[in-house]
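Taking it in order: structure first as structure tokens, then the write-up.
What follows draws every value from the coordinates through simple rules; no lab data is involved. From a predicted model like this one, the values you see are computed outputs, not experimental measurements. All Cβ positions, even for glycine, are placed from backbone atoms using ideal geometry, and neighbour counts span all protein chains on display.
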Amino acid sequence: MTSATQTASRSAKQVARSEPVKIGVRVGILSYGVTHLLIAWLALSLAFGGSRERADQSGAFETVAAQPLGRVLLWVLVIGFAAVALWRLEQTVWGYTYVSDRAQKLRKRAASAGKVVLFAVLAVLAARTAANGSAGGNGGQNATAGVLALPGGQLIVGLVGVVIVVVGAVKVKQGWDKRFTEDMDLPTSPHARKVAVRSGQVGCIAKGVAIALIGALVVLAAVTSRPEEAAGLDVALRTLAAQPYGIVLLVAVAVGLAAYGVFCAFDARYHRV
């Protein structure tokens, strides 16, 4: 039994580290960047034109699906996202052997575990959009409503919101400290290196702010017992736009998300895979 388990483990490890999966990973990271560029465009459209398109991943995928050959491109994104999820799973179990500090290695593996879920969800959303032309919606709102209906549901939702805010704050700090460079072999060209680092800094900080804003709305949903407040990035950006100087703030976040998309192009090329 142990031998069979070890054989299966080795086989899974070999698949996750195979050259086709590595190519798929780089496609997936680049696809993640394209998704952020599209979200940034939708956010800018919301800021200047009051766009009704959803400024989130679902809206980005639906925008792609509406283009000529858009659904074919979405299936490419699905393959890339699935490859990243598989690679991150391998990183969670066996990865970061080059990190000597045990605590840091555990943190990186835990972060990879979260990204397994993230990219698996993105793959499902992209596949659903490619098949139906729509990603569906209100999943987060419905889930929040279900939890709020449970005994102690407000406390649970509130704690989830606080965790999301903390994740956003950590992302901001990682951007400020340039922690994203730890797993990259940065380009040797000084100009390219500078663009990669600066776009990563601005992008991570903007992404962290957006995540923290989503968490704040989840906390608000718990306090007010209104699950519609916890409907994800689109609602977060629209809430931001409705504040004093909200358009300026929304444009700043959109530019930051675009910077993250640019950074992902460098990450797709220079991340250690």
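The fewest-to-most ranking of Phe263, Phe180 by surrounding Cβ atoms within 10 Å reads Phe180, Phe263.
Where in the chain are the helices, taken as whole DSSP H runs, whose Cα atoms extend 24 angstrom or more along the long axis and whose Kyte-Doolittle mean reaches at least -1.0? Span-like helices in the chain: 19-49, 70-94, 102-132, 153-177, 190-224, 246-270.
Order of His36, His271, His191 from fewest to most other C-beta atoms within 10 Å?
Fewest-to-most Cβ neighbours within 10 Å comes out as His191, His271, His36.
Only lysine pairs 8 or more places apart or on separate chains count here, and in the chain those with Cα atoms under 21 Å apart total 25.
Secondary-structure-derived ellipticity at 222 nm for the chain, considering helices only, amounts to -27500 deg cm²/dmol, per-run term -39500 (n - 2.57) for DSSP H runs with n ≥ 4. Mean silhouette area of the range 138-260, derived from the convex hull of its C-alpha atoms and averaged over all directions, reads 8.5 nm².
Near Val255: Cβ cut-off under 15 Å, other residues only, Lys/Arg at +1 and Asp/Glu at -1. The net charge is +2. Put simply, when 93-105, 73-85, 162-174 are sorted by average Cβ atoms within 10 angstrom per residue, most first, you get 73-85, 162-174, 93-105. Structural size metrics of the chain, computed from C-alpha coordinates, are Rg and Dmax of 19.2, 64 Å.
Reported value for the range 1-136: 137 Å³ per residue, from the convex hull of its C-alpha atoms.
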